[in-house]
Structure formats: C-alpha cells, structure tokens
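The values are calculated or read from the model by the stated rules, or taken from the named source; none is laboratory data. No experiment lies behind these values; they were computed from the predicted model shown. Cβ sites come from the backbone with ideal geometry, for glycine too, and all protein chains shown count toward neighbours. These accessible areas exclude ligands, DNA and RNA; they are computed on the full protein's heavy atoms, side chains included. Shrake-Rupley method; radii C 1.70, N 1.55, O 1.52, S 1.80 Å.
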Amino acid sequence: MTVPFREATIDLDAIADNVRHLRRLTGTEIIAVVKANAYGHGAAAAAVAALSGGATRLGVAEIAEAIDLRRQGVHAPIVAWLHAPGERFAEAAAQNVELGISSFDQLQAAAAAAMLDRPVSVHLKLETGLSRNGVAPADWGRVLAEAARLERIGRLRITGLFSHLSNTSPDDDRAALALFDEGVAAAASFGIRPEIRHIAATAAAIDLPETRLDAVRIGIGLYGLSPFDDRRSAALGLRPAMTLRGSVAAVRRVPAGAGVSYGYDHRAETDTTLALIPLGYADGVPRSGSGRLPVSIAGRRFRNVGRVAMDQFVVDVGDAPVSTGDEVVLFGDPTLGLPSADDWADAAGTINYEIVTRIGNRVPRRAS
C-alpha cells in the first residue's frame, strides 16, 4: 500500500453511525451541522453521510456554504444563520436555502427575496443570553408581529424558532431555555406556530433532555468527538471520523546536543534518531503544541520535538527502526491505539473542535 505524503481519511460510515446513535438517544430530528467544511471533514461528503444516517436537515453558518452544497447536488433542507450586514437573500431564496433571521432588517431582506408563488423559509433566532446574534427580547414584539404579517401575505414561511445555549452550566442552559419558551409563547400570541423549535447542540442534546424540543443541532458529535472536558468519544458511543496521517519524509541520526528546528527550543539529550513529518501549521498542525504533540509510527507512540514549522515538524524516535516512507498517524480513533484529536487539543491548549476544523486545504480528504 502506498503511504500518502499527507492525508485526512474521513470515515463516512462513522458519521452516519453517529447520527443514528444520537437519533436513538435524543428521539428527535437531527440537524447535521456541516459549516466550516464540515469541521474540516469535507462538507458535501459529510452532509450525504449524515443524511444517510437519518439527519433531516443541514445547518451551515453562511449562505455561500449552503449554495456550494446545492451545487454539489445536496438537495436536503439547509438552514444558514450568520449573515453579513446588508446581505441580500435572492440567491438563497432561489436555491431553497432556509434563513436564520436575527434582526428586523434581515426579516425585511428575506421578505424582499420572495417570489410570487414561493415564500422564503425562515428560522427566527431569539437571543436568550449568549450575547451574540438573535433578536433581543426587547425587540421580540416588533419582529414577531412583522414576521406574522409577512407570513399571512405569503412572503415568508416561518419554519423554525431557535436559539443557542452557552454550555456554561445546566442551570444557565435551563435559564436560557426558559427565556426561549417565553419567546415561543410570544410568537404563538401573534399566530406563529413553527414546524420546529431548536436550541440544543451536541452537549445539551446529550445531557439536557428538556432542551431537545423538535430538533437538535449536532455539530462536533457528528464527527465523533466529545463536547465535554470530562468524557471522551467512546464514553458517549461516538466514533471519530477523521484520521490524519502522512509519511516520514526524512530520517536523520543526530548526536547529543544537536539543535532541532527553529530557535533550538529543543536539543537532543543523547544520540538519537529524528523523523521529519511533512505537515506544519499551514496544514493545521498547531504551533502552540510544539514539543508536546503525540504521533504513532508503526504502532508506537512518539512525541514531537522542537518548534512546529509551516510545512513540517520533527519527532524524536530514539533508536526505533523508522525509515523514510513509513506511515505516521497524527491523530485518529483512540480505541485503535492512536493519538486522538483530544490528545492534540490537550497538547496545544485548545479544544478538539479547533484541531479538526483547522486542517488546511493542502491536506487531501479521502473517504473511507
């Protein structure tokens, strides 16, 4: 088998299985979140896999992401919820993209994009404490009244009401849910009865059943990673979908005291062998993890030494028989004995979301 120079292998069956598992657990509709190129996994392929596992709707941040999915043949419902100031929605409407609406101005822009025989589908976002986008409670009356009017005259179809949780604590999330329920009741007073209400992402979908409502938005869980600091994937019944691998580009024997990489942050303590791995921070390898990143070569775990460079980093393999061309696994499924995205996150002082999402375009994705 030819070992790739660098490659992210994406287990699409794992994505589908993760959806099935979370559907069974939550008993509600799954909105598969495939924003940011499906957290680095490849948006179109991940979307198709999620839909095959039972997801009924897709979620993205930006309209451009939704349009790209349409161009790649994905026809399922898609909701996009983050819009530039003054954005117009004609192309989104033409492509049947559902719009997350966070302001009166966005509501008006969505109505303006409607065609005579086809209203624009919207999800009204209610601000419930995250202090980001969403209609503030003080503005609910004005926005809901106008949304109801626009729906009555056929300009809009109010498909959803939604919000986001902070995942700060169960009490904080329950307080946000209570405020959201007030918003739903306010909407009902104007005659708004959406098809779905959704507020939970992966963490709340798993841990707070009362937040599951009509649908849950599954992001990190879709890709088999845990949203929790104290529980890893296997404990949640999830399978990591991404394995990042490459081949050893060079092997060098060095004497004790030899400097390694820029700045000589590391010097060899004894005579040793160094393996060069052809991925760097241009490919998403976190420079902040320099000197701490674990990798697996021929089933043995080693550690990066020296600074991560733009295109490469170095691993000290001691006296192990490592050769140019040997496969190196940077992270994958820990149940197979591999370093995990969580291990990399711990080494870099970040979260597993960032580890997989930042994998660059120079790294080919291959479905397995």
Next item on the list: For log10 I(q)/I(0) by the Debye sum over Cα atoms at q = 0.07, 0.12, 0.13 Å⁻¹, several values are listed as [x] -0.37, -0.89, -0.99; [y] -0.29, -0.86, -1.00; [z] -0.31, -0.98, -1.17; flag the one computed from this structure.
Entry: [x]
Note to self: For a test of the definition: using alpha carbon positions, the gyration tensor, and the 1.5 limit on a/c, classify the stretch 1-96 as rounded, prolate or oblate.
What the structure shows: oblate
Check: Which three extents, in whole angstrom, do the alpha-carbon atoms of the stretch 3-45 cover along their principal axes, largest first?
Finding: 42, 21, 12
Next item on the list: Work out, step by step, the length gained on full extension between Asp230 and Ala44: first 0.36 nm times the residue separation, then minus their alpha carbon distance; give nm to one decimal.
Entry: 63.8 nm
Checklist line | Among Ala138, Ala50, Ala90: highest mean-square fluctuation, GNM of the chain, C-alpha pairs under 10 Å | finding: Ala138
Check: How far is the Cα center of the stretch 1-47 from the Cα center of the stretch 123-201, in Å?
Finding: 28 Å
Next item on the list: Show Met115, Met242 ordered by accessible area, largest first, where the area counts protein heavy atoms only and the probe is 1.4 Å.
Entry: Met115, Met242
Checklist line | Per residue solvent-accessible surface (Å²) - the chain, probe of 1.4 Å | finding: 42 Å²
Note to self: With a 1.4 Å probe and all protein chains kept in place, how much accessible area does Phe190 have, in Å² rounded to the nearest 10?
What the structure shows: 80 Å²
Checklist line | Environment charge of Ala187, counting only residues whose C-beta is closer than 15 Å and scoring Lys/Arg +1, Asp/Glu -1 | finding: -1
Item checked: Rounded to 5, percent antiparallel among DSSP beta bridges of the chain -> 50 percent
Notebook entry, point to check: With every protein chain in place, what's the accessible area of Arg23 (1.4 Å probe, Å², nearest 10)?
Noted result: 110 Å²
Next item on the list: Using a cut-off of under 11 Å, list every residue of the stretch 222-262 whose amide N is near the label point 7 Å from the Cα of Met310 along the Cα-to-beta-carbon line.
Entry: none
Next item on the list: Using only the Cα atoms of the stretch 52-156, construct the convex hull and provide its projected area averaged over every direction, in square nanometres to one decimal.
Entry: 7.3 nm²
Check: Carbon-plus-sulfur fraction of the accessible area of the stretch 114-160, 1.4 Å probe, in percent?
Finding: 52 percent
Next item on the list: Quick one: grab the alpha carbon gyration tensor of the stretch 289-368, order the square roots of its eigenvalues as a ≥ b ≥ c, and give me rounded if a/c is under 1.5, else prolate or oblate depending on whether a/b is larger than b/c.
Entry: rounded
Check: Classify the stretch 253-323: rounded, prolate or oblate, from the alpha-carbon gyration tensor (a ≥ b ≥ c, eigenvalue square roots; a/c under 1.5 rounded; otherwise prolate if a/b is larger than b/c)?
Finding: oblate
Checklist line | Full-extension gain in nm, Glu354 to Glu327, via 0.36 nm per residue minus C-alpha separation | finding: 7.3 nm
Notebook entry, point to check: Using a probe of 1.4 angstrom, how much of the accessible area of the stretch 216-368 is carbon and sulfur, in percent?
Noted result: 48 percent
Checklist line | Label-zone membership for the stretch 1-43, site Leu130, 7 angstrom Cα→C-beta point, backbone N under 15 Å | finding: 31-36
Item checked: Which of Leu179, Leu82 is most accessible, then next, and so on - probe 1.4 Å -> Leu82, Leu179
Checklist line | the chain: most fluctuating residue of Arg197, Arg142, Arg303 per GNM, C-alpha cutoff 10 Å | finding: Arg142
Next item on the list: Report the accessible area of Ile30, computed with a 1.4 Å probe over the heavy atoms of all protein chains in place, in Å² rounded to the nearest 10.
Entry: 0 Å²
